[in-house]
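Q: My structure is below; once you've seen it, I'll send some questions.
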């Protein structure tokens, strides 16, 4: 099994971070990765620890979880 450990510099805008993550996941899949691991805070790097709290999602629903699910299906990883 080929595994990709993805590194990225996340900012304060989720939409921008998800776009970059999708590009990097696509590159990993194109290079044969079957599993890709993203950084812990790939989707948001707030200025304060509490910035992340405004983007909390319920289990199984939300923009970030939808992105991960859709990307995995689309890219086959």
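Q: Just give me the residues in the range 33-59 being in contact (Cβ under 8 Å) with a residue 24 or more places away in the chain, surrounded by 10 or more Cβ atoms within 10 Å (Cβ to Cβ) and outside any strand (DSSP E or B), in sequence order.
A: First, the residues of the range 33-59 that are in contact (Cβ under 8 Å) with a residue 24 or more places away in the chain: 33-39, 41-47, 51, 55.
After this cut, where a residue has to be surrounded by 10 or more Cβ atoms within 10 Å (Cβ to Cβ) as well, the list is 33-39, 41-46, 51, 55.
Within the range 33-59, 33, 34, 38, 39, 41, 42, 43, 44, 45, 46, 51, 55 meet the criteria.
Q: Residue 54: at negative phi and under 13 Å from the mean Cα position of the chain (by Cα), yes or no? I'd like the intermediate steps shown before the answer.
A: Details: at negative phi: yes; under 13 Å from the mean Cα position of the chain (by Cα): no.
Spelling it out, it is not the case that residue 54 is at negative phi and under 13 Å from the mean Cα position of the chain (by Cα).
Q: Right, something else. Restricting attention to the range 14-32, which residues are farther than 23 Å from residue 55 by Cβ and either loosely packed, with under 12 Cβ neighbours inside 10 Å or free of Cβ contacts under 8 Å to residues at least 24 places away in the same chain (or both)?
A: 27, 30, 31, 32, listed by residue number.
Q: In the range 63-73, how many are surrounded by 14 or more Cβ atoms within 10 Å (Cβ to Cβ) and within 16 Å of residue 13 (Cβ to Cβ)?
A: Here the count works out to 2.
Q: Could I ask something else about it? For the range 2-19, does any single residue satisfy the condition of being within 15 Å of residue 75 (Cα to Cα), assigned to a helix (DSSP H, G or I) and at pLDDT 95 or above?
A: Yes - at least one qualifying residue is present in the range 2-19.
Q: Additional query: Before we move on, is residue 76 touching a helix residue (DSSP H, G or I) at 6+ places or on another chain (Cβ under 9 Å), closer than 15 Å to residue 2 by Cα and either surrounded by fewer than 15 Cβ atoms within 10 Å (Cβ to Cβ) or without any contact (Cβ under 8 Å) to a residue 24 or more places away in the chain (or both)? Break it down into steps so the answer makes sense when it comes.
A: On the way: touching a helix residue (DSSP H, G or I) at 6+ places or on another chain (Cβ under 9 Å): yes; closer than 15 Å to residue 2 by Cα: yes; either surrounded by fewer than 15 Cβ atoms within 10 Å (Cβ to Cβ) or without any contact (Cβ under 8 Å) to a residue 24 or more places away in the chain (or both): yes.
Yes; evaluated as a whole, the condition is true for this residue.
The values are calculated or read from the model by the stated rules, or taken from the named source; none is laboratory data. From a predicted model like this one, the values you see are computed outputs, not experimental measurements. Reconstructed Cβ throughout: ideal geometry from the backbone, glycine too, with neighbour counts over all protein chains shown.
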